[in-house]
Amino acid sequence: MVQDVGSILAVDFGSVTTRAVLIDVVDGAYRLIARAEERTTDNFPASDLDVGLDRVLRQLTEVTGRRFRDEAGAMISPERKDRSGVDLFAITASLGRPLQAVIVGLVPDVSIASALRAIEGTYIEVNATLTLDDKRDQEEQLNAILLSYPDVIFLVGGTERGAERSVMRLAEVIRLSVSLASKARRPIVIYAGNSALREPMEALFGNLTTFIVAENIRPSLHEERLDSARLKLGDAFNQYKESRDQTFAMLGKMSQTGVLPTAQGYTILADYLGKTQTGGIALIDMGSANSTFAFSSGKGHLLSSIRPDLGLGHSAPQLLASVGLDAVREWLPFTASSTELTNYAYNKSLRPMTIPMSLRDLYIEHALLRAGIRAMITRANPEWENLPMTVSRIILAGAALTKTGHPAYDVLLAMDALQPVGIVSLSQDPFALIPAMGAIAPYAPDAVVQLLDETNLVRLGTALIPTGNLRKERTAVDVIIHENGEKLRYAVDGGHVFVYPIPVGQSVEVRIRCARGVTINGKRRFKMTIEGGAMGLMIDARSRPLKLGDVTMRSVMMPKWVQEATGDLLQDIDPKWLEAVEDVQEVADKARDKRRSEIRKNQKPAKADKKGKADKNKKSNAKNAKKDELSELMSDDALESLLDDEEDEQDELGALRNALS
């Protein structure tokens, strides 16, 4: 698939923002030439993605003078002699709801586990799984598939020269479920199992629905191949979007790559960097509707987590529901009711483009961010809940981690959420280059390698994170910085953050001496050269995992950390914010639960020969329970009228059912 590609245009359609980057060859190497950004226009009032695309193309034309579309509105490709158009036009997208999937395989710990790792490269929610040892009968299995309303059914299982009859038996169940679905809603079927069954599978599904074949993800019990399956899942994402959205269909035909999931770029890049660089690499992006995390240990071990339920805009309510109120409160330096947090999340989902307008809102926004990222990385590797992450490079993406207004604050958020240790190099991708790399990798792999130069990504700097006996208010690290012939000495206490700005293009020599019982990458003393960046050098002498304490302790520590990182004035927490607040929602929930418990306790079992009286008592108790719940919201007369009308309606429905039967 590798082609002779010169100029490249890559466009990423996010839930809130559409970003475009123009890449071309300069002095024999690929470079980022220009970028543009506009609001995504898939919803009201435009309801047409092409409007946003046209806007970013106009911006690029103004900057470069290059024309991208012909008179008919079609993309010009390949590039013409007058420098109009591009050789490769790539599209990635993360907007819209995720695909719903059912995974069918032989063994949960083998084929199903591999399938789950494969789908983490795209926006897919697994609603059901079906295995060979499933105890449900065929009717229950069919219902499980049909009631999941899948967009994709992912069939795996059978090593090469392995099981065949068992896989075909599962395929027959899938075929029956697909045939029962309406033609307009039939799911895409992807097969990534025993290659000997490809022709029988084609015969089963070829004339029934869209059928896609990938390489066997488990050719043997000890071998796993996920690349082909991930690409085919990306194709399924593309086909699904095109079938549901005419604009996507049009854009997919204009692009040589189709419409690929944005998250694919993160897994591809993490996998590549993990194989070519020493130390671990982590990429993190929390968007408005979806979040992506990819990690490679540097030994070919790749972890990824794609969460379509975690986002700071469209998916803010789902994020809050997923991580829980207490997980968010742990990152707040003040008391907050569930009503306040819920209202903030829902308002954010209605207006995802808004930014926090007060200090209190800012803390809530970033508490959601930290809690969401913690949930995402601990799902990828449960050990990180209690053990620190060892990583040598972190790349931050998405507006939440690249546009706070201060690069050191961006890094502080990353340190809080990821909690790494050691010597960490940090970069940012505010231009959506990473999704572009994932899309163009099969066509121009050289471009991916050359674009990783930190002149294209934004270099933030270096963070040093010690481990060991970090005692609060006691010197943990002594720092000597040699700059311009001067020797500057600093002492960093345990529980605190130190930032030394080093401009881009400059470098300084740093000597580190750790206190007894404290090390950085296993060393107490060392020297190194630190390259400059938007932030410079950070020493994070806080314990791992972070000990946040109670709300009173957080109200002192968290504002201090922000001041130490950014150099801004200390923003003290208002003492009134620490006062206990009456949570109306929690009080109402407890009262409701108490009333229901009392009602259940007072109910007496009815005798078999007095069925009519028992039904009447049951109906009366139900009516009283509902009346108790609504009594505080309505007047007595209105409440009785409402319940009587509802009771009459239920009686009419019952009579109708009896007549029909």
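The values are calculated or read from the model by the stated rules, or taken from the named source; none is laboratory data. The shown structure was predicted, so the numbers you read here are calculated from the model rather than taken from an experiment. Neighbour counts are summed over all protein chains in view; Cβ atoms, including those assigned to glycine, are modelled from backbone coordinates with ideal geometry. Note: areas computed on protein heavy atoms with side chains; ligands, DNA, RNA excluded. Shrake-Rupley method; radii C 1.70, N 1.55, O 1.52, S 1.80 Å.
Scanning region 265-294 for residues that are in contact with a Leu (Cβ under 8 Å, 6 or more places away or on another chain), of a type in the set (Ser, Thr, Tyr) and within 18 Å of Ala90 (Cβ to Cβ) turns up Tyr266, Thr267, Thr292.
Whenever a residue of region 90-105 is more than 16 Å from Tyr266 (Cα to Cα) and open to solvent by less than 10 Å² (accessible area, probe 1.4 Å), its partners that are polar (S, T, N, Q) and part of a strand (DSSP E or B), lying with C-beta atoms within less than 8 angstrom and at least six residues away or across chains, give the pairs Ala101/Asn127; Val102/Asn127; Val102/Thr129; Ile103/Thr129; Val104/Thr129; Gly105/Thr129. Checked against the criterion of being at pLDDT 95 or above and under 30 Å from Val11 (Cα atoms), the candidates Ile284, Ile306 yield just one match: Ile284.
Here is a yes/no grid of residues against (1) under 30 Å from Asn290 (Cβ atoms); (2) free of Cβ contacts under 8 Å to residues at least 12 places away in the same chain; (3) surrounded by 15 or more Cβ atoms within 10 Å (Cβ to Cβ):
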position	(1), (2), (3)
Glu125	yes, no, yes
Val156	yes, no, yes
Met168	no, no, yes
Glu202	no, yes, no
Asn238	yes, no, yes
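Any chance region 556-578 includes a residue that's more than 33 Å from the chain's Cα centre (by Cα) and among the hydroxyl-bearing types (Ser, Thr, Tyr)? No - not one qualifying residue is present in region 556-578.
For region 240-259, residues that are open to solvent by less than 20 Å² (accessible area, probe 1.4 Å), not hydroxyl-bearing (Ser, Thr, Tyr) and not in a helix (DSSP H, G or I) total 2. Scanning region 325-341 for residues that are free of Cβ contacts under 8 Å to residues at least 60 places away in the same chain and in contact with a Ser or Thr (Cβ under 7 Å, 6 or more places away or on another chain) yields one hit, Leu325. Condition check for Glu120 on (1) at pLDDT 90 or above; (2) buried (at least 18 other Cβ atoms within 10 Å of the Cβ): one failure, at (1). If you go through region 513-540 and pick out every residue that is open to solvent by less than 10 Å² (accessible area, probe 1.4 Å), touching a residue at least 60 places away in the same chain (Cβ under 8 Å) and part of a strand (DSSP E or B), you end up with 7. When region 34-57 is filtered for residues that are of a type in the set (Lys, Arg) and in a strand (DSSP E or B), the ones remaining, listed by number, are Arg35, Arg39. From the list Ser425, Ser349, which one is farther than 17 Å from Leu312 by Cβ and either in contact with a helix residue (DSSP H, G or I) (Cβ under 7 Å, 6 or more places away or on another chain) or not in a helix (DSSP H, G or I) (or both)? Testing whether each residue is farther than 17 Å from Leu312 by Cβ and either in contact with a helix residue (DSSP H, G or I) (Cβ under 7 Å, 6 or more places away or on another chain) or not in a helix (DSSP H, G or I) (or both) leaves just Ser425. Residues of region 179-191 that are buried (at least 22 other Cβ atoms within 10 Å of the Cβ) and touching a Ser or Thr at 6+ places or on another chain (Cβ under 7 Å): Pro187, Ile188, Val189.
Being touching a strand residue (DSSP E or B) at 6+ places or on another chain (Cβ under 9 Å), among the polar types (S, T, N, Q), over 22 Å from Ser114 (Cβ atoms) and buried (at least 24 other Cβ atoms within 10 Å of the Cβ) holds for only one residue in Ser291, Ser322, and it is Ser291.
Checked against (1) in contact with a Leu (Cβ under 6 Å, 6 or more places away or on another chain); (2) open to solvent by 10 Å² or more (accessible area, probe 1.4 Å); (3) at pLDDT 90 or above, Glu140 passes all but condition (1).
Residues are listed down the side, and each one gets a yes or a no for (1) touching a helix residue (DSSP H, G or I) at 6+ places or on another chain (Cβ under 6 Å); (2) within 17 Å of Thr292 (Cα to Cα):
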site: Leu362; (1), (2): no, no
site: Arg370; (1), (2): yes, yes
site: Ile377; (1), (2): yes, yes
site: Pro382; (1), (2): no, yes
site: Ala400; (1), (2): yes, yes
site: Thr404; (1), (2): yes, no
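Quick check: is even one residue across region 216-238 of a type in the set (D, E, K, R), part of a loop (DSSP other than H, G, I, E, B), modelled with pLDDT of 85 or more and farther than 30 Å from Gly14 by Cα? Looking through region 216-238, at least one residue is of a type in the set (D, E, K, R), part of a loop (DSSP other than H, G, I, E, B), modelled with pLDDT of 85 or more and farther than 30 Å from Gly14 by Cα.
Note on region 385-412: among residues that are under 25 Å from Gly522 (Cα atoms) and within 19 Å of the chain's Cα centre (by Cα), the one that is surrounded by the fewest Cβ atoms within 10 Å (Cβ to Cβ) is Glu385. Between Val448, Val504, the distinction of being under 24 Å from Glu37 (Cβ atoms), aliphatic (A, V, I, L, M) and part of a loop (DSSP other than H, G, I, E, B) belongs to Val504 only. Scanning region 558-570 for residues that are open to solvent by 30 Å² or more (accessible area, probe 1.4 Å) and either touching a Phe, Trp or Tyr at 6+ places or on another chain (Cβ under 6 Å) or under 14 Å from Met415 (Cβ atoms) (or both) yields Val562, Glu564. Evaluated against (1) open to solvent by less than 40 Å² (accessible area, probe 1.4 Å); (2) in a helix (DSSP H, G or I), Arg379 falls short on exactly one condition, (1).
Tell me, please, whether a residue that is closer than 16 Å to Val492 by Cα, among the basic types (Lys, Arg) and not in a loop (DSSP other than H, G, I, E, B) can be found in region 541-552. No; the residues of region 541-552 include none that is closer than 16 Å to Val492 by Cα, among the basic types (Lys, Arg) and not in a loop (DSSP other than H, G, I, E, B).
Keeping to region 80-105, report how many residues are small (Gly, Ala, Ser) and assigned to a strand (DSSP E or B). Counting residues in region 80-105 that are small (Gly, Ala, Ser) and assigned to a strand (DSSP E or B) gives 3.
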